Amino acid sequence: MQQDPGSRVADTVGDVSVRVRQVIGEAGCSQREFARRIVMDPSKLSRSLGGSRRFTVAELARIADAGGVDAGWLLGSGTGRSVRGGAGTDGAVPTGAARTAAPATASAAASAPASGSPGGGRPLQIVRETVRLIAEQGFHAVRVSDIAEACATSTAAIHYHFPGRAELLEAAVRWCMDEDTARRSAHLAEAADAAEELRQLVELQIPLSAQQRRQWRVWLDLWAEAARSTAVGRLHVDYYRQWRTTVADVIRRGVDQGVFRDVDPESAALRLTALIDGLAAQVLATSPDRPGGTDAEAMRGALFAHVATELAAEPAAVRP
């Protein structure tokens with residue numbers, strides 16, 4: 001009997017979990033980082049490894065792809081362990097039980113070209129192309145066939161890794177969250193003090209470049225979907241909790257360092273992040289050739305004016 005990619009895989013004696021732990025260990029990264037690579041909720045990965053949740057066929061396919069192993073081996077039914085030389089490349093061919101789960105997908109994956117993205121593989125290629133198409137067309141205008149065409153593969157291959165549109169959207173949201181968090185962390189590490197940290201955070205939110213505008217278009221589309229989707233809504237809540245906590249922590253450090261006045265960090269973070277969102281929405285709604293709207297430079301000026309007025313102990317500390 002063929003298994004659906006979204007079906008749960010029985011693991012009564014824990015063999016699957018043991019093999020997945022081995023793949024994660026050999027990947028040379030933390031469990032959270034591995035979850036990011038396979039576009040999976042870290043808590044779901046943790047529960048699946050702990051035995052309180054079963055892996056789906058699609059999740060195991062992504063794990064096999066990221067780890068460079070035979071998906072059938074993960075399930076305990078493959079004859080070999082490795083299907084290619086090294087993790088993170090594309091073009092894995094599901095075999096054994098995984099091939100039985102989606103035979104059409106196996107042949108599609110075999111004929112698909114590599115994505116060429118370092119540390120990527122087919123699942124991340126699918127998610128990246130989904131994000132790009134959402135930015136260009138909007139989520140509800142994007143068809144699975146469009147994503148398959150962009151990835152030079154079949155719709156069966158897309159469904160093998162992400163059984164439905166809802167799972168694809170959730171993966172796209174999670175990937176955007178992870179990328180945004182990684183960028184913030186990299187910039188904060190370079191800052192000399194909290195005033196510079198906040199400057200860096202604000203700069204990252206201004207849609208000045210084409211890439212930043214594309215990212216904001218995705219966020220706006222996903223916000224609308226979050227109002228209707230429970231799963232995406234939960235991700236939205238989690239992301240904004242993390243984002244506001246990051247801003248509040250920076251403000252708190254600034255108060256301790258004396259570069260910000262004595263304010264309530266949580267309230268200040270709420271006002272600043274709300275201002276960022278509102279201004280970004282206005283910028284994205286303004287056509288570049290239409291005078292009178294809000295542009296990115298106007299947004300930048302308004303945000304730094306707000307920081308100088310509401311937070312800075314000395315306006316010069318955060319002058320743009």
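Taking a ≥ b ≥ c as the square roots of the eigenvalues of the Cα gyration tensor, an a/c ratio below 1.5 marks region 14-75 as rounded.
What is the sum of charges around Val144, taking Lys and Arg as +1, Asp and Glu as -1, for the other residues whose C-beta is under 12 Å from the C-beta of Val144?
Values: positive: Arg143, Arg165; negative: Glu129, Asp146, Glu149, Glu167.
Surrounding charge for Val144 is -2.
Placing dummy labels 7 Å off each Cα toward the beta-carbon, the span from Arg271 to Ala182 is 3.5 nm. Within the assembled protein chains, the solvent-accessible surface assigned to Arg234 is about 140 Å², based on a 1.4 Å probe.
Sorting the segments 194-200, 141-147 by their residues' average number of neighbouring beta-carbon atoms within 10 angstrom, most packed first, yields 194-200, 141-147. Spacing of the modelled spin labels on Ser46 and Asp256, each 7 Å from Cα toward Cβ, amounts to 2.4 nm.
The values are calculated or read from the model by the stated rules, or taken from the named source; none is laboratory data. Owing to the predicted nature of the structure, the values given are computational and were not obtained by experimental measurement. Backbone-built Cβ (ideal geometry, glycine too); neighbour counts: all protein chains shown. For accessibility, only protein heavy atoms count, side chains too; no ligands or nucleic acids. Shrake-Rupley method; radii C 1.70, N 1.55, O 1.52, S 1.80 Å.
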